[in-house]
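Asker: What follows is a single structure, and I will ask about it in a moment.
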Amino acid sequence: MLYRVIGMMSGSSLDGMDLVFAELQETGGKWTYEIKKSSCYPYSPEWKERLSNAIHLDAMNYVLLHADYGHYIGKQINAFISEHQIDYQVGLIASHGHTTFHQPPRMTGQLGEGAAIAAETGLPVVCDLRALDLAFGGQGAPIVPLGEKMLLGQYAFFLNLGGIANISCRTSESYIAFDICPANRVLNLLIAETGQEYDAEGRMASAGNVSQELLEKLNDYAYYRKAYPKSLANTFGTDEIFPLIKSFDLNLNDALRTYVEHIAIQIKNSVKQIAYEIPENQHIEMLVTGGGVFNNFLLERIAETLAPIGINVKVAEPELAMYKEALIMAFLGVLRWREEVTVLPSVTGARKASIGGALWMGYNED
């Protein structure tokens with residue numbers, strides 16, 4: 001059966017709203033996909049400020065932002081449909097929204113009201129993809145691994161370098177995945193003082209030196225010693241990691257260089273933590289996606305750090321690298337539409353698998 005779906009993702013790095021129009025086909029229990037159209041719509045300074053400050057709002061203004069952002073998503077999707085001339089081809093929208101609060105297993109919050117998206121587009125909308133997993137005692141994250149398993153299952157490891165770096169591992173019996181550490185969100189906060197949005201190709205980091213004292217402090221956070229399943233809130237990077245780095249009063253190159261090293265070390269430690277689960281004699285390849293793949297120096301340090309433990313890094317093709325999460329949101333939306341499981345409890349630690357996601361049916365012009 002063929003499904004034509006738009007998937008939406010907004011990451012913690014606030015680089016923009018990722019939209020994918022994908023065709024997803026199921027034949028005999030096997031899934032295939034094709035990304036037909038894709039775009040990233042950068043946030044205006046106003047929207048960056050509203051989203052980044054959302055956690056400081058009172059309840060009334062937070063709910064108002066939730067509705068406003070839902071209407072904004074819907075309008076952006078309408079613009080995407082018009083731009084790519086796919087009117088009347090889209091059957092479903094799956095929106096991840098933008099994560100604000102994340103305190104598993106008690107609650108998680110994603111901005112972007114599904115009803116508002118449905119009202120703007122007139123299309124069925126799936127949203128709130130994480131909430132039910134938390135209700136069953138899970139982390140609600142990562143939720144991407146089910147899509148990796150069903151759509152990209154030929155790799156042993158998946159690494160996503162977004163605002164937060166996370167890892168997935170396919171084992172002989174199950175799937176393991178968890179958040180590793182803040183990544184682009186912290187690097188971008190550091191570079192922002194220059195007026196740039198990111199360290200192009202990692203050139204500034206490559207010119208710096210590692211502060212061993214700061215590196216030791218970074219690596220000593222208790223989160224890194226926790227067993228999986230585990231997940232991170234965006235505030236870990238913005239409210240804990242970033243202020244720690246700034247307290248050392250390093251020049252920018254050295255701060256970036258030290259944090260790149262921290263990311264590479266935590267990725268290696270995460271692989272070593274779960275490597276015993278990999279079947280013997282398996283060819284071990286790691287597919288890397290996310291905005292971090294365009295940071296050449298970061299990729300170089302990750303590859304150099306992983307090579308001694310037998311992991312070969314493979315960077316995804318640019319479109320998949322940029323839009324994998326939006327693609328998988330589209331896939332999870334289809335599973336919810338089909339009333340099939342949307343999350344792997346072996347990943348999140350939930351008591352049971354669940355069919356997560358709220359469904360808004362849009363409207364009929366007649």
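Asker: With +1 on the Cβ of every Lys and Arg and -1 on the Cβ of every Asp and Glu, and nothing else charged, how large is the dipole of the chain about its Cα centre, in debye rounded to the nearest 20?
Answerer: 840
Asker: Considering only C-alpha atoms, what is the centroid distance from segment 1-67 to segment 332-360, in Å?
Answerer: Cα centroid of segment 1-67 versus Cα centroid of segment 332-360: 18 Å apart.
Asker: Rounded if a/c is under 1.5, else prolate if a/b beats b/c, else oblate: with a ≥ b ≥ c from the C-alpha gyration tensor eigenvalues square-rooted, which is segment 1-143?
Answerer: oblate
Asker: Between Leu320, Asn269, Thr171, whose Cα lies farthest towards the positive end of the dipole of segment 145-320 when Lys and Arg beta carbons carry +1 and Asp and Glu beta carbons carry -1, centred on the Cα centre?
Answerer: Looking along the dipole axis, the top candidate is Thr171.
Asker: Among Leu306, Leu256, Gly138, whose Cα sits farthest toward the positive end of the charge dipole of the chain (+1 at Cβ of Lys/Arg, -1 at Cβ of Asp/Glu, about the Cα centre)?
Answerer: So the residue furthest toward the plus end is Gly138.
Asker: For segment 145-320, what is the charge dipole size about the Cα centre, in debye to the nearest 20, if Lys and Arg each add +1 at the Cβ and Asp and Glu each add -1 at the Cβ?
Answerer: 320
Asker: Could you name the lysines in cross-link range of Lys314, using Cα to Cα under 19 Å and dropping any fewer than eight places away on the same chain?
Answerer: Excluding near neighbours in sequence, the set is Lys149, Lys268, Lys272, Lys324.
Asker: In angstroms, what radius of gyration and Dmax does segment 145-320 have, counting Cα atoms only?
Answerer: 15.8, 48
Asker: Through the Karplus equation 6.51 cos²θ - 1.76 cosθ + 1.60, θ set to phi - 60°, convert the phi angles of segment 197-212 into ³J(HN,Hα) values in whole Hz; use x for Gly and Pro.
Answerer: Whole-Hz 3J(HN,Hα) from phi for segment 197-212: 8, 7, 7, 4, 6, x, 5, 5, 4, 5, 8, x, 10, 6, 8, 5.
Asker: Taking amide hydrogens as modeled 1.01 Å from N in the peptide plane, which residues meet the under 5 Å criterion relative to Phe178, leaving out close sequence neighbours?
Answerer: Placed amide hydrogens put Ile167 under 5 Å from Phe178.
Asker: Which of Ala59, Ala183, Ala192 moves the most in a Gaussian network model of the chain with Cα springs under 10 Å?
Answerer: Taking springs between Cα atoms under 10 Å, the residue moving most is Ala59.
Asker: Moving on. Would you please give the residues with an amide H less than 5 Å from that of Thr108, counting only those at least 5 places away or on a separate chain, with H modeled from the backbone geometry?
Answerer: Under 5 Å from the amide H of Thr108: Gln103.
Asker: Between Ala183 and residues 5 or more places away or on another chain, which pairs have amide H atoms under 5 Å apart, with H built 1.01 Å from N, and which residues are they?
Answerer: Here Ile164, Ala165 satisfy the definition.
Asker: Another question about this same structure. What is the dipole size for segment 199-278, taken about its Cα centre, with +1 at each Lys and Arg Cβ and -1 at each Asp and Glu Cβ, in debye to the nearest 20?
Answerer: 300
Asker: Follow-up question, since we're still on this one. Any idea which of Met204, Leu14, Phe101 is furthest toward the positive side of the dipole for the chain, if Lys and Arg beta-carbons carry +1 and Asp and Glu beta-carbons -1?
Answerer: Checking the options against the dipole of the chain, the answer is Phe101.
Asker: From the phi angles alone, apply the Karplus equation (6.51, -1.76, 1.60; θ = phi - 60°) to segment 91-98 and give each ³J(HN,Hα) in whole Hz, x where the residue is Gly or Pro.
Answerer: x, 7, 10, 10, 10, 6, x, 10
All of the numbers you see were taken from the coordinates with simple rules; none came from a lab. On a predicted model such as this, the values are computed, not experimentally measured, just so you know. Because the Cβ atoms are built from the backbone with ideal geometry, glycine has one as well, and the counts that use them run over all protein chains shown.
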